[in-house]
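Take a look at the structure below.
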Amino acid sequence: MSNSLIKGIHHISMKCSNTEIDKVFYFYRDILELDVCNEWDTGIMIDTGSGIIEIFHNGEVSPKGTIRHFALSVTDTKSLTERVRNAGYDVITKPKEICLSHLKAIISFVKGPIGEEIEFFQEINS
């Protein structure tokens, strides 16, 4: 048991412009079927079930740090990747099985509506 004061990741944050927010809503709410859990005049929060994606839509200036990608825990990588492809978004890496020591998973990478890289991560039991 760890003595860390950190419990986990609460949210990741991204920026987009006011003109991109409709694409963001469509992708996360309609294609990925996630709920918007909070909304205010310059941003939204999208509930992933185990963390939040926070998106500010006043983001004309790029942040100094960048996130390489973020991963969503999913139940069916192949179906979700196909849904995203059918909606016209780029698939960067097709679904494939990986093994990281004792952890096996099926993963894929897609590009979201504002250029963000999203990994779909489906753990599989041996």
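What does the extension gain come out to for Ile12 and Arg83, with contour length at 0.36 nm per residue minus their alpha carbon separation?
Numbers: separation 71, 0.36 × 71 = 25.56 nm, distance 2.32 nm.
Full extension from Ile12 to Arg83 adds 23.2 nm.
Give the accessible surface of the chain per residue, rounded to a whole number of Å², with probe radius 1.4 Å and ligands, DNA and RNA excluded.
Working: 8360 Å² over 126 residues.
Roughly 66 Å² per residue, with all protein chains present.
Please give the net charge around Ile12, taking every other residue with its beta carbon less than 15 angstrom from that of Ile12, where Lys and Arg add +1 and Asp and Glu add -1. All intermediate terms of the calculation are to be shown ahead of the outcome.
On the way: positive: Lys15, Arg68; negative: Asp47, Glu54, Glu116, Glu117, Glu119.
Charge balance near Ile12 sits at -3.
For P(r) over Cα pairs in 5 Å bins from 0, in percent, the choices are [x] 2, 12, 22, 25, 21, 13, 4, 1, 0, 0; [y] 2, 10, 19, 21, 20, 14, 8, 4, 1, 0; [z] 2, 9, 12, 12, 11, 12, 12, 10, 9, 6, 3, 2, 1, 0; which was calculated from the structure?
Correct label, based on the coordinates given: [y].
Test of understanding: extend the Cα→C-beta vector of Asp30 to 7 Å, then name every residue of the stretch 36-58 with backbone N under 17 Å from that spot.
36
Roughly what angle does helix 77-86 make with the longest principal axis of the chain, taking Cα atoms, 0 to 90 degrees, to the nearest 10?
Value to nearest ten degrees: 40.
Pairs of lysines 8 or more apart, or on different chains, with alpha carbons under 21 Å: count those in the chain, would you?
Eligible lysine pairs with Cα atoms under 21 Å apart amount to 13.
Once amide H atoms are built 1.01 Å from N in the peptide plane, which residues 5 or more positions from His11, or in another chain, come under 5 Å H to H?
Correct list: Ile52.
Once you have the Cα-Cα distance between Glu123 and Phe56, take 0.36 nm times their residue separation minus that, and quote the gain in nm to one decimal. Could the numbers behind the result be given before it?
Numbers: separation 67, 0.36 × 67 = 24.12 nm, distance 3.04 nm.
The span from Glu123 to Phe56 would gain 21.1 nm if fully extended.
Percent of accessible area on the chain owned by carbon and sulfur, 1.4 Å probe? Write out the running numbers ahead of the final one.
Numbers: 4020 of 8360 Å².
Carbon with sulfur: 48 percent of the solvent-accessible area.
Near His69, within a Cβ-to-Cβ distance under 14 Å, what is the net charge of the other residues, with Lys and Arg +1 and Asp and Glu -1?
Numbers: positive: Arg68, Lys111; negative: Asp90, Glu116, Glu117, Glu119.
Every neighbour counted, the sum reads -2.
Pull out the extension gain between Ser4 and Val91, defined as 0.36 nm times the separation in residues minus the alpha carbon to alpha carbon distance; nm, one decimal. Could the numbers behind the result be given before it?
On the way: separation 87, 0.36 × 87 = 31.32 nm, distance 3.69 nm.
Result: 27.6 nm gained on full extension.
Over the chain, what relative contact order in percent results from Cα pairs under 8 Å that are six or more residues apart? Spell out each step's value before the answer.
On the way: 210 pairs, mean separation 28.0, N = 126.
Reported as a whole number, the value is 22 percent.
The values are calculated or read from the model by the stated rules, or taken from the named source; none is laboratory data. All figures in this text were calculated on a predicted structure; none of them were measured in a lab. Virtual Cβ from ideal backbone geometry, glycine too; neighbours counted across all protein chains shown. Please note that ligands, DNA and RNA were not included when accessible areas were found on the heavy atoms of the full protein model with its side chains. Shrake-Rupley method; radii C 1.70, N 1.55, O 1.52, S 1.80 Å.
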